[in-house]
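I have placed the structure first, in the form of structure tokens, so that the comments after it can refer back to it.
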Amino acid sequence: MMKNNTTTKIETCYGDKAYETIQELAEGVNCGDMLAAYYLAQYYEEGVVVPQDFDKAAELYKLVSEFRESLVFADPYMPLTPQCEAEYAVGCLYENGLLTNSSMEKAIEWFQRSVKDGGHEASFKMAKLHLEGLYIERDYDEAASYLYHGYLNYGHNDPNMFKLACELDGKTSTWQDVICEVLAHCYERGVGVFQDDMRAEEYRSRYLEKRFKMFDQALEKCSNTNNDDAKGEGFSF
């Protein structure tokens, strides 16, 4: 590990600015460059170039989280925002007991912040916690809801999604169509499991069957409501 060496070269370019040393990266943070803050936090978390310092990493991640203006990674393959990634990182630091006064309550708070900002990793984390009843109430509907949120927010290629969907399959009636949709996707694309077109078609059929049933029930309810309204519109003498 390199310590106190602010002139160590770092081969990177963040946003519209290129930083060649840790010192320049820190100066970028002082000038309000939140992408620089995010990457400097990663260096402190991993102990790369600078001494490992989890509290310093969390401080910088929280600074990024507080920045509410639009912020995106320069890398087109990073569709998530630095804010939701930073919030998830803080949650993990609390979860793993690496920060002062660490607790799962604080970890969950930061995971939920990341979820609100569109983070799929935090969504899958919350799904797992609700599924297993770890630190929060076991709730299969909540778990499925978080799973689907992650699936819709760039989590469709995350292999963790398949395992979660398998464990939730058959445990929630309200979200069963969503579980089938996710599993069909996983088998079709080979996400977290070997590609299997037959299984994909099986789950896709179950998904469509559930959706059509829900649609028919909605139509029936609407029809009954209209009939009741019509009965109440008689002539008055």
- Message: Can you tell me the length gained on complete extension of the stretch residue 96 to residue 209, counting 0.36 nm per residue apart and subtracting the Cα distance?
- Response: 36.5 nm
- Message: What does the net charge come to around residue 118 if you take all other residues with beta carbon closer than 12 Å to its beta carbon, with K and R at +1 and D and E at -1?
- Response: -2
- Message: Neighbour counts of other C-beta atoms within 10 Å: give me 166, 31, 186 arranged from fewest to most.
- Response: 31, 166, 186
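For the pair residue 132 and residue 42, what calculated FRET efficiency results from E = 1/(1 + (r/R0)^6), where r is the Cβ-Cβ distance and R0 = 30 Å, to the nearest 0.05? It would help to have the intermediate numbers written out before the result.
On the way: r = 29 Å, r/R0 = 0.96.
The formula returns an efficiency of 0.55 here.
Take the cross-link list 56/128; 128/163; 171/210; 62/116; 62/106 and give me the ones stretching past 18 Å between alpha-carbons.
Values: 56/128 28 Å; 128/163 10 Å; 171/210 15 Å; 62/116 15 Å; 62/106 13 Å.
Too far apart for the 18 Å limit: 56/128.
Summing +1 for each Lys or Arg and -1 for each Asp or Glu, what net charge is found among the other residues whose Cβ lies under 14 Å from the Cβ of residue 186? All intermediate terms of the calculation are to be shown ahead of the outcome.
Details: positive: 163, 189, 199, 204, 206; negative: 158, 167, 169, 181, 188, 196, 197, 201, 202.
The answer is -4.
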- Item | Partners for residue 221 among aspartates and glutamates (Cα-Cα distance below 13 Å; same-chain residues under 8 apart left out) | 229
- Note on the structure: The exposure ranking of 169, 117, fewest beta-carbon neighbours within 10 Å first, is 169, 117
- Note on the structure: Everything considered on the Cα gyration tensor (a ≥ b ≥ c; rounded for a/c under 1.5, else prolate if a/b is larger than b/c, else oblate), region 21-129 must be described as oblate
- Note on the structure: Extension length gain for residue 27 and residue 163 (0.36 nm per residue less Cα distance), in nm, is 44.7 nm
- Near the amide H of residue 19, under 5 Å away, which other amide H atoms are found, from residues 5 or more places off or on another chain, if H is placed in the peptide plane? 12, 14
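Give me the net charge of residue 45's neighbourhood, meaning all other residues with Cβ under 13 Å from the Cβ of residue 45; Lys, Arg count +1, Asp, Glu -1.
Values: positive: 56, 62; negative: 46, 53, 55, 59, 85.
Net local charge, residue 45 excluded: -3.
Read-outs: derived from the displayed coordinates by stated rules, not from any lab. Remember, predicted model here, so these are calculated numbers, not experimental data. Neighbour counts are summed over all protein chains in view; Cβ atoms, including those assigned to glycine, are modelled from backbone coordinates with ideal geometry.
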